Amino acid sequence: MRKVSRAATGGLLLACALVSGVTRAQSPASPPDVSRNQPIDLATTLRLAGIDNLDLAAVRAAERQAKAANDAATLRFFPYLTIGETYARRTGLDQQTTGSMLDVYKQLYRRSGTIGMGVDLGEAVFGKLAARQLQTAAQRDVEAARNDTLLAAANAYFNLVNAAAAVGIADEAVRVTRDYQDQLERAVGIGLTNRSEALRVAVQTRQAQVELRAARAAQRVDAAALAAVLRLDPAIDLVPAERLVVPPTLVALDQPVDALIRKALMRRPELKASAAAVAAAEHRKAAARYGPLLPSVTAAATYAGTRGGPNGTLDAFQPTHDFAVGLSWRFGPGGLFDFSRTEAAKASLDRRTIADEKLRQAISQQVVDAFTAAQAARDQMSLARDAVQLAERSLSLSMQRKEFGVYAVIEVIQAQQDLTRARTSYAAALAQYAKSQYALAQATGTVGNQ
């Protein structure tokens, strides 16, 4: 991976942030002197990828939600406080303890504060253990989403570099054929060659110009795609710092694939998240089986001041104190002997365990696929490089034959076309190898460490 200076990277980050911020706010003001043609390199691309990606933001929100649920599970063990006032008044007939009726007029005024606690110990204890595991799973999900985002950003950047390389190759092809066309036009003018030969080269020049225009359009599309991944203003025309992909080696290909599979099974955050989810399901199963054996605890302490009296009088406040502690066990639904709840928790654990095993198999397959693709891309890159060298030699020989007057125009044109295709294939092979390296790093759980 090519390194860039802190100043250059910081300047690009600031410029992109300014342009992006103005676009999202839909401000009528123009951004302050920010060029619409911005250079970018791989290091900056990967840094920007983790700042404002929507998918990553959604997973981070889920992480915050899981943390709040874990905090709420902790608060179940803490007491609560209630403060209140009560006013009661009664007039008319009231029955006395002797059974006789008496016309009364009384009122009561009460202020109280209560510290209470009501805890279902089984649900609280096992619920806390499960919530902690779910928070861990959410944290691992953030890591997995970040790795996916880095892979998507790297692929988009390599696509842009490859598109820029295609533009350069097509531009060179236009220049060469145009120079050759000019030479033949001069030769036709002095009667050294036929007009048909000049027309053949003119056709080749136009075709090269068509391919150049298409390559420039493809580069602009890839620039917009990279801007979308990085959540930047799509109007910015991102220009890659490299003119040709410099293929990195993130994962060595001279190691057995089973070693890479073992590394992936240890490092992939998706598996760590799945393991935490399995642990949470195990705690829920324990809650269904053993939770009802633990009692529900209730406790309350109340301090109150009461004023009252006959005939509408209110005496001075008189203090009262109440204390209560209770233990209870629940039988039936949601409690002891609720076998359906136990069976449901066991089935949930089984589903989670099966999903974990399927994920392991899928990750192992991903490693094999990515490793095979990386090996193929490496070989294709070597073959494409050889093809470029052969095409360059072929064109050189054709041009030498032209100097001795024993050539055919179609021969030179064909040699130029072969060289252009070989260079384009080589640039694409470099980009494909770079993408396969990042895919293998993502499959083995090391892409975030690059």
17 Å reach of a label modelled at ASN37, 7 Å along Cα-to-Cβ, counting backbone N of the range 215-234:
215-224
Projected onto the charge dipole of the chain (+1 at Lys/Arg Cβ, -1 at Asp/Glu Cβ, origin at the Cα centre), which of GLY116, GLN133, PRO269 gives the Cα projection farthest towards the positive end?
GLY116
For the pair SER100 and ALA252, the simple spin-label estimate (label points 7 Å beyond Cα toward Cβ) gives in nm 10.6
Straight-line reach from LYS358: which aspartates and glutamates have Cα under 16 Å away, leaving out those fewer than 8 places along the same chain?
GLU270, ASP350
Take peptides 264-275, 335-346, 111-122 and line them up by average Cβ neighbours within 10 Å, highest first, as a rough protection proxy.
264-275, 111-122, 335-346
So, relative contact order of the chain in percent, Cα under 8 Å, 6 or more apart, is 22
Using alpha carbon positions and the Kirkwood radius, the Rg to Rh ratio of the range 326-450 is 1.55
To the nearest 20 debye, what charge dipole does the range 59-146 have about its Cα centre, counting +1 at the Cβ of each Lys and Arg and -1 at the Cβ of each Asp and Glu?
260
FRET efficiency for VAL203 and SER382, using Cβ-Cβ distance with R0 set to 35 Å, rounded to 0.05
0.55
Which one is right for this structure if Kirkwood radius over Cα pairs in Å is calculated from it: (1) 22.8; (2) 29.4; (3) 23.4?
(2)
Take TYR433, TYR157 and order them by how many other Cβ atoms sit within 10 Å, fewest up front.
TYR433, TYR157
Place the peptides 248-257, 388-397 in order of packing, highest mean first, counting for every residue the other Cβ atoms within 10 Å and averaging per peptide.
388-397, 248-257
Need the C-alpha centroid separation for the range 409-450 versus the range 205-243, integer Å.
17
Cα centroid distance between the range 342-402 and the range 83-143, in Å?
62
Whole-number percent relative contact order across the range 153-281, with pairs defined as alpha carbons under 8 Å at least 6 apart
33
Quick calc, VAL188 & ALA235: beta-carbon distance into FRET formula, R0 35 Å, rounding 0.05, result 0.15
Taking the Cα centre of the range 234-281 as origin, sum charge times position over the Cβ atoms of Lys and Arg (+1) and Asp and Glu (-1), and report the length of that vector in debye to the nearest 20.
260
Once you put a point 7 Å from the Cα of ASP179 and another 7 Å from the Cα of SER340, both along the Cβ direction, what distance in nm separates them?
8.5
Theoretical ellipticity at 222 nm over the chain - DSSP helices of four or more residues, -39500 (n - 2.57) apiece, nearest 500:
-23000 deg cm²/dmol
Karplus (6.51, -1.76, 1.60) ³J(HN,Hα), θ = phi - 60°, over the range 222-228, in Hz, Gly and Pro reported as x
5, 5, 5, 5, 5, 4, 5
The simple spin-label model distance between THR302 and LEU75, using points 7 Å out along Cα→Cβ, in nm, is 2.4
For the range 291-367, the charge dipole (Cβ of Lys, Arg +1; Cβ of Asp, Glu -1; about the Cα centre) points to a positive end, and the Cα of THR302, GLN365, GLY334 closest to that extreme belongs to GLN365
Quick check: residue separation of ARG393 and ASP322 times 0.36 nm, minus the Cα distance between them. What number comes out in nm?
15.4 nm
Using only the Cα atoms of the range 292-384, what do you get for the radius of gyration and for Dmax, in Å?
33.7, 108
Fewest first, what order do TYR290, TYR438, TYR180 take by the number of other Cβ atoms within 10 Å?
TYR290, TYR180, TYR438
Let me spell out the model: positive unit charges on the Cβ of Lys and Arg, negative unit charges on the Cβ of Asp and Glu, origin at the Cα centre of the chain. What dipole size does that give, in debye rounded to 20?
460
Based on the Cβ-Cβ distance from ILE115 to ALA61, what FRET efficiency comes out when R0 is 30 Å, to the nearest 0.05?
0.30
Mind pulling the angle between the C-alpha long axis of helix 6-25 and the longest principal axis of the chain? Nearest 10 degrees, somewhere in 0 to 90.
70
Sort ILE190, ILE40, ILE363 so the one with the fewest other Cβ atoms within 10 Å of its own Cβ comes first.
ILE190, ILE363, ILE40
What is the packing order of peptides 417-428, 374-385, taking the mean over residues of other C-beta atoms within 10 Å and listing the highest first?
417-428, 374-385
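Readers should treat all values here as calculations from the given coordinates under stated rules, not as data from a laboratory. Since the model is a prediction, treat every value here as computed from it, not as a measurement. Backbone-built Cβ (ideal geometry, glycine too); neighbour counts: all protein chains shown.
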